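I have placed the structure first, in the form of structure tokens, so that the comments after it can refer back to it.
The values are calculated or read from the model by the stated rules, or taken from the named source; none is laboratory data. Worth saying up front: this structure is predicted, and the values here are computed from it rather than measured. Here the Cβ is made from the backbone with ideal geometry for all residues, glycine too, and neighbour counts use every protein chain on show.
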């Protein structure tokens, strides 16, 4: 079961990273185009050089909204990726002073709390989707469910990562060998 969650977590992380890269590249291209169309095509120099062309038709108002929604998706998918690689800010004072046994217990408790939080976010993410099914974005005409489903998907991704980490912590605790059961074998040397 541990290996299944580890594989699923790694697969989801790889897909999330690829989607984040694609969405970020798309947002970058849209932003560069928006800046170019506003400050180059709409400039007074361009209007003087080419007065017979109306460049305002190349200024799309929906691009700003698209960039905003792309960044929403980038952030929510990024939450899962950062969580997978343990990159969120945390206070480790207590963890650093505990013994290995208590450290594993505390880390397990933290992951159980995280799973509860992700279940809570998933439930309320579903509730948000019920309210947004009739909302349409102003410029794109996009159903807002496509934007808000990022909350639900991010919660589910983080939940898989949290279960994978929990099983990893629990398997570390189970695989430790007690020192009193270890057999000491005397070392034979040729010194003497």
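Residue-level check: of (1) at pLDDT 90 or above; (2) closer than 25 Å to residue 9 by Cβ, residue 137 misses just (2). The set of residues from the range 34-74 being in a helix (DSSP H, G or I) and in contact (Cβ under 8 Å) with a residue 60 or more places away in the chain comprises 62, 64, 65, 66, 69, 72, 73. Here residue 101 meets each of (1) in contact (Cβ under 8 Å) with a residue 24 or more places away in the chain; (2) assigned to a helix (DSSP H, G or I); (3) touching a helix residue (DSSP H, G or I) at 6+ places or on another chain (Cβ under 7 Å) with one exception, condition (3). Being modelled with pLDDT of 90 or more, exposed (fewer than 12 other Cβ atoms within 10 Å of the Cβ) and assigned to a helix (DSSP H, G or I) holds for only one residue in 131, 120, 163, 146, and it is 120. The residues on offer are 44, 37, and the sole one that is loosely packed, with under 10 Cβ neighbours inside 10 Å and on the phi < 0 side of the Ramachandran plot is 44.
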